[in-house]
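The values are calculated or read from the model by the stated rules, or taken from the named source; none is laboratory data. The structure presented is a predicted model; accordingly, all values stated were derived computationally and were not measured. When we count neighbours, we look across all protein chains shown, and the Cβ atoms used for this are built from the backbone with ideal geometry, even at glycine.
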Amino acid sequence: MESLSEKAIRNSFVNCTKGEASRLRLPLDFGELDWDDLDFLGWVDPGALLRSHIVLPGPDGPRGITLRVSSAARKSAVKSSMCQVCLTAHSSSGVNLFVAPLAGPSGRQGNTVGIYLCADLACSLYMRGKRQPKLRFRQFEESLTVDERIARAMDNLNGFADKVTGAA
């Protein structure tokens, strides 16, 4: 992913107001991010731990989505889960159900769409083997290359973003 400025990130959000985008907190390590290892920027808001954000690259510029951890996810007793984007298996605390308000009038009426994601939004690092999930069992092995896994993950994430924006 190409590096983005703070202004570009804040201007990219499609499902929150400009005021909300201006108030969100960037990752604490924003100045030290290794953009070459990222396929998308994802972080937990340091000022509101149940709120997270993702910014995806795209042909028309970056597309940002604000998310929150679902209350159903916080009460889950599931022992293991899998991220719907990178397909990394985690223990129960490693995956959260995130919900995103829809863009436009539907979102202002309270309509949302959800997706199970790595709780730390570090899918790019898991796919590259730079971070390992905390598991009590072995991760399944795939025959796909890292580039193929990244392409699949980005297709999955862009499909979710399309649902948020109403493009799907």
Checklist entry - Tell me, which helices (runs of 4 or more DSSP H) lie completely within segment 1-93 with 1 or more residues that are at pLDDT 95 or above and not acidic (Asp, Glu)? => result 6-11, 18-23
Item to check | Inter-residue pairs, beta-carbon under 7 Å, first under 20 Å from Asp36 (Cβ atoms) and in segment 140-165, second among the β-branched types (Val, Ile, Thr), 6+ apart | outcome: Ala153/Val85; Leu157/Val85
Checklist entry - Do you know which residues across segment 116-168 are surrounded by fewer than 12 Cβ atoms within 10 Å (Cβ to Cβ) and within 14 Å of the chain's Cα centre (by Cα)? => result Asp155
